[in-house]
Every structure is written in C-alpha cells, then in structure tokens.
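Q: I'd like to ask some things about the structure below.
The values are calculated or read from the model by the stated rules, or taken from the named source; none is laboratory data. Predicted model only: the values in this text are computed from it and were never measured. Cβ coordinates were reconstructed from backbone atoms using ideal geometry, including for glycine residues, and neighbour counts include every protein chain displayed. Calculation scope for accessible area: heavy atoms of the full protein, side chains included, ligands and nucleic acids excluded. Shrake-Rupley method; radii C 1.70, N 1.55, O 1.52, S 1.80 Å.
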Amino acid sequence: MATNTGDNGDILAQATQWRGQGKGVALATVVSTWGSSPRPVGAKLAVDDTGAFIGSVSGGCVEGAVIEEGLAAIKDGKPQLLDFGVTNEQAWDVGLACGGKIQVFVERVE
Amino acid sequence: MKLELFKRAVESAAAGRPAALVTNLISGLQSLVQESDFEGNLNPDESLIGAARQALADDRSALVETSAGKVFIEVFNPPLRLMVVGAVHIAQPLARMAALTGYAVTVIDPRSAFASTERFPGVELSAEWPDEAMARLKPNRRTAVVTLTHDPKVDDPALIAALRSHAFYIGALGSKKTHTARLKRLAEEGFKDTDFARIHGPVGVDIGAISPAEIAVSILAQITATLRADRSKSRQAA
C-alpha cells in the first residue's frame, strides 16, 4: 500500500494537482477551537480558483464563508484569520448541530 | 503557504519523522521545524523553536502569542499504525476500514496461504512470525495490535511483543474461555494482572456483530474509543 498520509495527504495531492494545472489554490486550516467544534485543530480545506474544494473545517457549517475567503486570498494573496462562532441557530439553518467556536487561517498556496 | 513546505511536512511524517509547521498568522510567513533543523521564510527565534519542539514532544498542535503576533504550530505526526496478526477473513474488512480511519496497516501471518495479495490487495503484508515482524516494526504509543488467529503459536508471540511495547491498544479475538486459557499461558511467561488489563479480550465493542465486516466495526470502534478516551470522558462530564 502507498504510505498512508491521511487527510493531509489527500489535500496535498489535490492541491498539487491543481497547481500543476496552473490553477490558483488557497488552503484553510483550523488553528483553534472552543467547545464542541466538529473538526479538530489542524483540519484543512483546499479550494481552487473555480470554487472546487476538498476537505473540511467544520463539517458543513462555515465552509461557504471559508471558500469565499479562500477565493479572495487566491486573488490578493493576503492571509486571513477568521473567527466563527457556530451558534445553534446558524447550525440549524444548515441542518447541523454544531455549537462551539473555531478560528480558521486562510492562505494562498504558492 | 509554500506547497513545497506542506509536502515536506506530510512526507516527513509519513516517513516516521515528526515535523512542525510554524506559521505567523499575521504575515503568513512559515517555517518547518524538525528535530535538528528548520527551513522556510519565517525565522523562528529560540523560544519559538523551543515551543515547536515542545509541541512535537507533546504530539499536540499549539497556538502561541509572540511579539510578532499569533503563531500556529501545527504538528505533523507519523500515521497511527495497526498491526493485524492473522490474515483471516475478519482481517480483510478490518484492514480496509482501518486504512480509511487513517491507520497504516500491516497484516502479519506466517502462513503464506492466508497472507496473499489476492486476499489483501494493496495492504502491506508480512509473512514473518509475529515476534520477528514486531521486532522489526517496533510498535509504539501510536500503534494498535490485534490478534485474530486463535492459534496460540501465532497469537501469543504477538501479544508478548505487544505487552512489552507501549502499544496504546491490544486486542485478542477469541471467546471468554479462549481468553482465560490465553491469560494463563501469559502468566506462565511472567505477565501480571496489570498486563492482562491492557488486552481487550474478547476483542471489540459488544454490538452483537456477526459478519466479518461487523466484527471489524466493533474492533475499530474499540480501538477508536481507546485512542480518544480523554475526549469521550470530557464529553460525558459536560
């Protein structure tokens, strides 16, 4: 079996493929969590310049916003540190029972 | 983020060398810190390198405040490992499910008719005796060991090697009767109750599993529960 590199390996492979195709790519990483956040510190999402993405930072609650910031980072190259309070109300809107808070770092992949 | 640095972190961990990716969350500057050196465009000072080495030792990523702003230290660890002793029917779904769960799986069975690539496509196989295989593979704190053969001459050497290691999980397939007989043999080898307490036997969470895949689910659930014990306790308290 190829060496198991887990989720990071999958994200690296996809990001490498996108870069190889000349696409812009941004990477989002959970850098801290409070309460019952759905994804642990280190969880990642990569997005290309068409909005296609792989991985997750929250299990669905805030992916939309993170992808938007990723697209902005691809354009302007500025890293962003995002705070999300995943309230139960927001969670219900997208059919998830999250709760807790997360901080996500978004950066362009060079 | 330099793709090259991310690649280096992932590949280093996969090769058994932990690495810490250190990122300034204001500037985006980054360096990869390993046991003896670092590379990248962030020049970490001594206290930051110390914090990164500490995070590596603790096996835990960390967010630290510095004079230049928040810095995220992300630990890239070698993958969790699962050593399955006995290339039996249950081992087939267990190897696949464990790989999905993030484990680097090795199936060990000296009986070559069992440990064939036809039965285990894409799985790392060892035809060594378990004591030889485990002397080579060196189970550690990030390793789970499961014995599935029911055959003392195959299972026992594996359990002995596992008990002498820091494997975080040890499981042995077999009925209560088989397990009692097994512990008696291990006692003759000098093992004590504290050692026996480390062995999950009969293996797996009691979910009434019947098929090999269901039994694999019950084993993998127990391995996960052991790995994440600190989390599940805090959840019960909350």
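Q: Search segment A:54-81 for residues that are within 14 Å of chain B (Cβ to nearest Cβ) and touching a residue at least 40 places away in the same chain (Cβ under 8 Å) and pair each with any residue that is surrounded by fewer than 17 Cβ atoms within 10 Å (Cβ to Cβ) and hydroxyl-bearing (Ser, Thr, Tyr) when their beta-carbon atoms are under 7 Å apart and the residues are at least 6 apart or on different chains.
A: Within 7 Å, no pair qualifies.
Q: Look through segment A:82-110, keep the residues that are at pLDDT below 65 and buried (at least 21 other Cβ atoms within 10 Å of the Cβ), and return whichever of them is farthest from the other protein chains (Cβ to nearest Cβ). Spell out the reasoning first.
A: From segment A:82-110, those at pLDDT below 65 are A:86-99; that's our starting set.
Narrowing the set further to residues that are buried (at least 21 other Cβ atoms within 10 Å of the Cβ) leaves A:86, A:98.
Values: A:Val86: 16, A:Cys98: 15 Å.
That would be A:Val86.
Q: Kindly evaluate B:Leu82 against the criterion of being over 30 Å from B:Leu148 (Cα atoms) and within 12 Å of chain A (Cβ to nearest Cβ). Give the steps one after another, and end with the answer.
A: Working: over 30 Å from B:Leu148 (Cα atoms): no; within 12 Å of chain A (Cβ to nearest Cβ): yes.
Here the answer is no, as B:Leu82 does not meet what is asked.
Q: Condition first: within 14 Å of chain A (Cβ to nearest Cβ) and not in a loop (DSSP other than H, G, I, E, B). Now tell me which residues in segment B:34-65 satisfy that.
A: Quick first cut of segment B:34-65, residues within 14 Å of chain A (Cβ to nearest Cβ) only: B:40-42, B:55-56, B:58-65.
Within segment B:34-65, B:Gly40, B:Ala55, B:Leu56, B:Asp58, B:Ala62, B:Leu63, B:Val64, B:Glu65 qualify.
Q: If you don't mind, there's one more thing I want to ask. Need at least 3 residues that are more than 16 Å from B:Pro130 (Cα to Cα), away from chain A (no Cβ under 14 Å) and open to solvent by less than 70 Å² (accessible area, probe 1.4 Å) per element, so show me which helices (runs of 4 or more DSSP H) inside segment B:147-238 make the cut, counting only ones lying wholly within it.
A: Working: elements: B:152-163, B:176-188, B:193-196, B:212-227, B:229-237.
It comes to B:176-188, B:212-227.
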